[in-house]
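Encoded as structure tokens, the structure appears first; notes follow it.
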Amino acid sequence: MVKSLPKRAQVNEQDTWNLQSLFEDENAYELAVKEVETEAASFAANYKGTITDVSSAIAALDAYRSLQEKMVKIGSYAELAASVDLLNDEAQIRESKFGSIAAKVGSQTSFVMSELSELTEDTLQQASEQSEDYAVLFKKIIQEKPYQLHPEVEKTLAAFSSTFQAPYALYNTTKMADINFPNFTANGNDYPLSYVSFEGVWESEPDTAKRRAAFQAFSSKLREYQHTTAKTYDMHVQMEKTTADLRGHDSVIDYLLMNQDVDRAMYNRQIDVIMEELAPHMRRYAKLLQKIYGLEEMTFADLKMPVDPLYEPSITVEESKQYMNDALAVMGDEYLSMVNRAFSERWIDFAQNEGKSTGAFCASPYGCDSFILISWTGSMEDVFVLAHELGHAGHFYHANRAQNLFNSESSLYFIEAPSTMNEMLMANHLLKNSNDPKFKRWVLASIVSRTYYHNFVTHLLEAAFQRDVYEHVDAGGNVNATILNNMKRSVLEKFWGDTVTLNEGAELTWMRQPHYYMGLYPYTYSAGLTISTEMAKRILNEGKPAVDDWLNVLKAGGSKKPAELAKMAGIDITTDKPLRDTIAYIGSLIDQIEQLTDEIDAQ
């Protein structure tokens, strides 16, 4: 039974993460803030105007790196504390205050990149050859040199960085603090509704009356906020468009892709091939669900139904730990030690409470432990979600130890590969250790509905929608709720065809995702899962040699481009073969689910 969510102060402390590993208390945090403000002023006084050659560039970067490492820790504390309780005034004010501090420090230190960019290309090339620590950074500066603005303009833009983050902050406030969902009624009973309960429970509720009633109530409340949310999103994309134009990029998409070290062809291929070739498989899956449930009509509100309405394993947090140990043991002792520390040292925030951010994420501030946010519902699906986030933790555990701050974070194109790899390892483990056809079907359906639906459908359809938005903005347009609703509905209609009827409210799903405020993030989920699908096959077939290759990829962090990282794993993503192989694999999973369904029905 779904209950109303408690306040943050009412949840069990053991179910929350321990931010004291960052700062013992508020006094320690405030002291660190004062120290970094002093250090930033001192840094500017000592280094501004001094970056003229290779040695002075390296010296300035050494000091700049030290300052940025401290900023990362402070910022993480402020943002993580706010993310678990958007109703906590103190946490929200702290986060806002940090945004202002970060903008001030950014403005004070903006001269670093400006002065580095003013060095000749020969000097920067020499610097990349002489400094192993900053070689990647110097090469990136060469790449971005044509798009660098006058130092005073860069300083001004840095000073406004907090303001530029306002749309995302406004989106989150609207979503998590202002929207209060009413109870909904189904079968004569009232049920509580929230973002967390809809996405964690009601969206996949086997009872059709409850599921559809929840969808209708959820969508009706979202609709009341569509104009505010659309205006917020329009502000965001217009700022990105202005920045792209100021810097001389041909389009917003080109501007955003440059930071990912990905070309337009790779970006478009990921979206176009999946939209065209995955759609028939997923329509077949939708028809299978319709058949299992005996539905006269398959609607958008029904797509998250479990394959077996009577078989949904439940699991406790403690039980999940054993699943992680068993499934991820193949990654080796050090990796497993990291996983166990995540449980014992409270890296994970399991609690469900009012005002907590929806979904799940992993934050891994440089030089610190990781922090994983998840709202534990007790469903077996949570095991896959947790494995996913521990994949991010494992990635940065290795990268942060092997690379310096500037080289630690890989391109967004690759960032979801380590996380989805863990989902594949979990699925392989579950399949290998059971002969029960119902359990095997459940696992296969979880891979399709959780891992591939989430990453190859939900996020990919976000990406197709996002591309339409940016193309509209590049053509000089603005967006409002009507335009966004029409764009989203068009994308959904193209993918699902006449197999799925789009409920009133399906077009509002663009309102639910924060990824639109994070650049070209949505398409990278399918890109990462393409890599991890191929890598998981290697690990399954080869064992330790493949694992060793993968651990070396994790350690490389952001020191290599996505195509180079994939090549280290034995995968060539410069062609469409891995993507098409992955789509064929999804099709084979649906084949197996259909076969098992026939077997179970015949029993």
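The values are calculated or read from the model by the stated rules, or taken from the named source; none is laboratory data. Keep in mind that what you see is a predicted model, and the values were worked out from it rather than measured. Counting neighbours? That spans all protein chains shown, and the Cβs are built from the backbone with ideal geometry, glycine included. All accessible areas refer to the heavy atoms of the entire protein, side chains included, with ligands and DNA or RNA removed. Shrake-Rupley method; radii C 1.70, N 1.55, O 1.52, S 1.80 Å.
Would you confirm whether any residue within segment 381-394 is in contact with a His (Cβ under 6 Å, 6 or more places away or on another chain) and either without any contact (Cβ under 8 Å) to a residue 40 or more places away in the chain or assigned to a helix (DSSP H, G or I) (or both)? Looking through segment 381-394, none of the residues is in contact with a His (Cβ under 6 Å, 6 or more places away or on another chain) and either without any contact (Cβ under 8 Å) to a residue 40 or more places away in the chain or assigned to a helix (DSSP H, G or I) (or both). Only one entry of Met298, Met305, Met266, Met282 meets the criterion of being more than 27 Å from Gly200 (Cβ to Cβ) and either surrounded by 15 or more Cβ atoms within 10 Å (Cβ to Cβ) or at pLDDT below 95 (or both), and that entry is Met266. Where helices (runs of 4 or more DSSP H) sit wholly within segment 58-149, those with at least 1 residues that are more than 30 Å from Ala169 (Cβ to Cβ) occupy 111-118, 121-130, 135-144. Contact map, segment 207-233: first residue closer than 30 Å to Tyr311 by Cβ, second residue part of a loop (DSSP other than H, G, I, E, B), Cβ cut-off under 6 Å, separation 6 or more or different chains; pairs are Ala209/Asn187; Arg211/Glu205; Ala217/Leu193; Ser219/Gly505. Exactly one residue among Glu318, Glu277 is at negative phi and in contact (Cβ under 8 Å) with a residue 60 or more places away in the chain, and that residue is Glu277. Scan segment 554-587 for residues that are within 27 Å of Lys140 (Cβ to Cβ), part of a helix (DSSP H, G or I) and open to solvent by 20 Å² or more (accessible area, probe 1.4 Å) and jot them down. Passing the criteria: Lys555, Ala563, Glu564, Lys567, Met568.
Table: residues versus (1) in contact with a Lys or Arg (Cβ under 9 Å, 6 or more places away or on another chain); (2) of a type outside the set (S, T, N, Q); (3) at pLDDT below 95; (4) open to solvent by less than 60 Å² (accessible area, probe 1.4 Å).
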{"position": "Val500", "(1), (2), (3), (4)": "yes, yes, no, yes"}
{"position": "Leu508", "(1), (2), (3), (4)": "yes, yes, no, yes"}
{"position": "Lys537", "(1), (2), (3), (4)": "no, yes, yes, no"}
{"position": "Asn552", "(1), (2), (3), (4)": "no, no, no, no"}
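Please work out which residue is farthest from Met258 (Cα to Cα), limiting yourself to segment 117-160 and to residues that are more than 29 Å from the chain's Cα centre (by Cα), surrounded by 14 or more Cβ atoms within 10 Å (Cβ to Cβ) and among the polar types (S, T, N, Q). Top of the filtered list is Gln130.
For every residue, the table says whether it meets (1) out of contact with any helix residue (DSSP H, G or I) (no Cβ under 8 Å at 6 or more places or on another chain); (2) outside any helix (DSSP H, G or I).
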| site | (1), (2) |
| --- | --- |
| Tyr311 | no, yes |
| Val330 | no, no |
| Glu334 | yes, no |
| Ser337 | yes, no |
| Ala342 | no, no |
| Asn353 | no, yes |
| Lys356 | no, yes |
| Asp369 | no, yes |
| Phe406 | no, no |
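The listed residues are Tyr47, Tyr77, and the only one of them that is open to solvent by 30 Å² or more (accessible area, probe 1.4 Å) and not aliphatic (A, V, I, L, M) turns out to be Tyr47. The residues of segment 161-175 that are within 16 Å of Leu87 (Cα to Cα) and surrounded by fewer than 17 Cβ atoms within 10 Å (Cβ to Cβ), listed by number, are Thr173, Thr174.
Restricted to segment 323-360, and to residues there that are free of Cβ contacts under 8 Å to residues at least 60 places away in the same chain and within 22 Å of the chain's Cα centre (by Cα), the residue that is nearest to Leu80 (Cα to Cα) is Ala360. Here Asp245 fits the description: without any contact (Cβ under 8 Å) to a residue 12 or more places away in the chain and either over 26 Å from Leu529 (Cβ atoms) or basic (Lys, Arg) (or both). Scanning segment 539-550 for residues that are open to solvent by less than 30 Å² (accessible area, probe 1.4 Å) and in contact (Cβ under 8 Å) with a residue 40 or more places away in the chain turns up Ile539, Gly543, Val547, Trp550.
Out of segment 499-545, which residues are under 30 Å from Glu224 (Cα atoms), among the polar types (S, T, N, Q) and over 24 Å from the mean Cα position of the chain (by Cα)? Listed by number, the residues that qualify are Thr499, Thr501, Asn503. Of all residues in segment 277-286, at least one satisfies being closer than 23 Å to Tyr525 by Cα and assigned to a loop (DSSP other than H, G, I, E, B). On the basis of being at pLDDT 95 or above and surrounded by fewer than 18 Cβ atoms within 10 Å (Cβ to Cβ), does Arg94 make the cut? In short, no. A residue that is closer than 29 Å to Leu386 by Cβ, of a type in the set (A, V, I, L, M), out of contact with any Asp or Glu (no Cβ under 9 Å at 6 or more places or on another chain) and surrounded by 20 or more Cβ atoms within 10 Å (Cβ to Cβ) can be found somewhere in segment 514-521. Of the residues making up segment 463-481, those that are in contact (Cβ under 8 Å) with a residue 60 or more places away in the chain and part of a loop (DSSP other than H, G, I, E, B) are Asn478, Val479, Asn480.
Residues that are part of a helix (DSSP H, G or I) and among the acidic types (Asp, Glu) were ranked within segment 482-523; the one that is farthest from Ala209 (Cα to Cα) is Glu493. Looking across segment 313-324, the residues that are part of a helix (DSSP H, G or I) and open to solvent by less than 30 Å² (accessible area, probe 1.4 Å) come down to Ser320, Met324.
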